[in-house]
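K.L.:
My questions all concern the structure below.
The values are calculated or read from the model by the stated rules, or taken from the named source; none is laboratory data. Values in this document were obtained by computation on a predicted structure and should not be read as measured data. All Cβ positions, even for glycine, are placed from backbone atoms using ideal geometry, and neighbour counts span all protein chains on display.
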Amino acid sequence: MRNTSLFILNKLFLIPVFFVVCLFGLEILKKEAYAATLVVTSNANSGAGTLRQALLDASDGDTITFNLGAGSETVVVSSTLYTWYGENITIDGDNTEGSGTNITIQVTTPGVSAYPAITINSGSGKTSTLRNLTLRGGNDSSGSGGTIYMYSQGASLVLDNCTVREGRARFGAGLWANGFNSLTITNSTFTNNTSQEHGGAARIDSFTGTVNISNSIFTNNTSTATGGNYYGGALYFQNNSTQGTVNIDKTTISENSIYMSGAGIYTSRVANLNISNSTINNNTTSFSTAGIYS
């Protein structure tokens, strides 16, 4: 004879378990639904199929790829592109589905147009990844970040297999990054970027986390000011208090210049600077230490 009380108790126990399992399954489906790949099919500044529209349409966790034909691999933007707040986003310029030539993103007139190619605004705990791209910057003569501008507290940026070139700015002509959690630069080149004061290639400010640079090249970057205390022809790292770690491995820093000091690397109040398996040579100053100045 069935024990009715026990049967009812079992049913009551199974109901909440069933709902928990369903909710867990729905959450997995939601996450899978949110991780999409958006394909850029037009190199126009805006509109359907463009990179700008893909960034507007993207959700947290999405990847943007390209399918652009021969002769269309350069995306010219008439104002800066944005990665949006609250999103992990990847822009992958591998154009295998198109012509096979990786994508270039540039301002209207490199070295002249008064805006950066891209602004990183992902927000705390979020990561923007730029991969397989050439980025040609503009000229912010009174500000920072001629090519890549990043002012996003607690965010992270990854540059992988990228070339950053022809940026002009007062500070951080190739890249200006402030207040971030982590910055990773791998297999990338910064070249022909020019700042007026600090950080021809990059100025890195107010970071509590880690900067990792590996298998990269910084060459022919310069800071042009001839008076005052200006540093970092290629790389400039500064914190308001002693904190943060910079790791540089298997990287070449050469042929960079500045009037004052630290044509290769300048650091101020960085807790840990670790350099391994790297070449730092043929950097020039008119005043004092050319290679590394701390």
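K.L.:
Go through (1) free of Cβ contacts under 8 Å to residues at least 60 places away in the same chain; (2) in a strand (DSSP E or B); (3) under 20 Å from I120 (Cα atoms) one by one and return the number of the condition Q243 breaks.
P.N.:
Unmet for Q243, out of (1) free of Cβ contacts under 8 Å to residues at least 60 places away in the same chain; (2) in a strand (DSSP E or B); (3) under 20 Å from I120 (Cα atoms): (3).
K.L.:
Among the candidates S113, S124, which residue alone is part of a loop (DSSP other than H, G, I, E, B) and farther than 23 Å from S42 by Cβ?
P.N.:
On the way: S113 fails: farther than 23 Å from S42 by Cβ.
Among S113, S124, only S124 is part of a loop (DSSP other than H, G, I, E, B) and farther than 23 Å from S42 by Cβ.
K.L.:
Quick one: in the range 277-291, which of the residues that are modelled with pLDDT under 90 and hydrophobic (A, V, I, L, M, F, W, C) is surrounded by the fewest Cβ atoms within 10 Å (Cβ to Cβ)?
P.N.:
Taking the candidates together, the pick is F287.
K.L.:
Taking the range 192-247, which residues are within 17 Å of S156 (Cβ to Cβ) and among the charged types (D, E, K, R)?
P.N.:
D205, the sole residue that qualifies.
K.L.:
What number of residues within the range 81-113 are closer than 21 Å to G137 by Cβ, surrounded by 16 or more Cβ atoms within 10 Å (Cβ to Cβ) and over 14 Å from the mean Cα position of the chain (by Cα)?
P.N.:
The total comes to 10.
K.L.:
Tell me which residues, restricted to the range 177-201, are assigned to a strand (DSSP E or B) and of a type in the set (A, V, I, L, M, F, W, C).
P.N.:
A177, L183, I185, F190, listed by residue number.
K.L.:
Answer yes or no as to whether T65 is surrounded by fewer than 23 Cβ atoms within 10 Å (Cβ to Cβ) and within 26 Å of N221 (Cα to Cα). If you could, list the steps in order and put the result at the bottom.
P.N.:
Details: surrounded by fewer than 23 Cβ atoms within 10 Å (Cβ to Cβ): yes; within 26 Å of N221 (Cα to Cα): no.
No, not satisfied.
K.L.:
Which numbered condition trips up Y151, out of (1) among the hydroxyl-bearing types (S, T, Y); (2) buried (at least 23 other Cβ atoms within 10 Å of the Cβ); (3) farther than 13 Å from G200 by Cα?
P.N.:
(2)
K.L.:
I'm told N132 meets every condition in (1) surrounded by fewer than 23 Cβ atoms within 10 Å (Cβ to Cβ); (2) more than 16 Å from V75 (Cα to Cα) except one. Can you identify the failing condition by its number?
P.N.:
Tallying (1) surrounded by fewer than 23 Cβ atoms within 10 Å (Cβ to Cβ); (2) more than 16 Å from V75 (Cα to Cα), N132 fails exactly one: (2).
K.L.:
When the residues of the range 190-227 are filtered to those that are over 14 Å from the mean Cα position of the chain (by Cα) and aromatic (F, W, Y), which remaining residue is nearest to S286 (Cα to Cα)?
P.N.:
Top of the filtered list is F218.
K.L.:
Please enumerate the residues belonging to the range 202-217 that are of a type outside the set (A, V, I, L, M, F, W, C) and not in a strand (DSSP E or B).
P.N.:
Hits for the range 202-217 are S206, T208, G209, N215, S216.
K.L.:
Further, regarding this structure: Being closer than 23 Å to R170 by Cβ and modelled with pLDDT of 90 or more is true for just one of T251, T222, T245, T226. Which residue is that?
P.N.:
T222
K.L.:
Name the single residue, out of those in the range 224-237 being in a strand (DSSP E or B) and touching a residue at least 40 places away in the same chain (Cβ under 8 Å), that is nearest to N274 (Cα to Cα). Don't jump to the end; show me each part of the working.
P.N.:
Here is the first cut: in the range 224-237, the residues in a strand (DSSP E or B) are 231, 235-237.
With the extra rule that they be touching a residue at least 40 places away in the same chain (Cβ under 8 Å), the set shrinks to 231, 236.
On the way: Y231: 19, Y236: 15 Å.
Filtering the range 224-237 for residues that are in a strand (DSSP E or B) and touching a residue at least 40 places away in the same chain (Cβ under 8 Å), the one nearest to N274 (Cα to Cα) comes out as Y236.
K.L.:
For the range 165-174, enumerate the residues that are in a strand (DSSP E or B) and over 13 Å from R136 (Cβ atoms).
P.N.:
Of the residues in the range 165-174, the ones in a strand (DSSP E or B) are 165, 168-171.
Hits for the range 165-174 are A169, R170, F171.
K.L.:
Any residue in the range 58-80 that's touching a residue at least 40 places away in the same chain (Cβ under 8 Å) and more than 12 Å from D92 (Cβ to Cβ): show its pairings with residues that are surrounded by 17 or more Cβ atoms within 10 Å (Cβ to Cβ) and not hydrophobic (A, V, I, L, M, F, W, C) at Cβ separation under 6 Å, as long as the two are six or more apart or on different chains.
P.N.:
D60/E87; D60/N88; T80/Y115; T80/P116; T80/T119
K.L.:
Restricting the range 49-80 to residues that are in a loop (DSSP other than H, G, I, E, B) and within 19 Å of the chain's Cα centre (by Cα), which is farthest from A155 (Cα to Cα)? Lay out the reasoning, then the answer.
P.N.:
Restricting attention to the range 49-80, the residues satisfying the condition of being in a loop (DSSP other than H, G, I, E, B) are 49-50, 58-61, 67-73, 78-80.
Okay, now just the ones that are also within 19 Å of the chain's Cα centre (by Cα), so 58-61, 79-80.
Values: A58: 18, S59: 16, D60: 14, G61: 14, S79: 22, T80: 19 Å.
Per the stated criteria, the residue is S79.
K.L.:
Would you confirm, using the coordinates I've provided, whether G100 is over 17 Å from T65 (Cβ atoms) and among the small types (G, A, S)?
P.N.:
Numbers: over 17 Å from T65 (Cβ atoms): no; among the small types (G, A, S): yes.
Criteria not met by G100.
K.L.:
Same structure, new question: Out of (1) at positive phi; (2) assigned to a loop (DSSP other than H, G, I, E, B), what's the single condition that is false for T96?
P.N.:
(1)
Residues are listed down the side, and each one gets a yes or a no for (1) closer than 25 Å to R136 by Cβ; (2) aliphatic (A, V, I, L, M):
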{"position": "A177", "(1), (2)": "yes, yes"}
{"position": "S195", "(1), (2)": "yes, no"}
{"position": "I204", "(1), (2)": "yes, yes"}
{"position": "A225", "(1), (2)": "yes, yes"}
{"position": "S241", "(1), (2)": "no, no"}
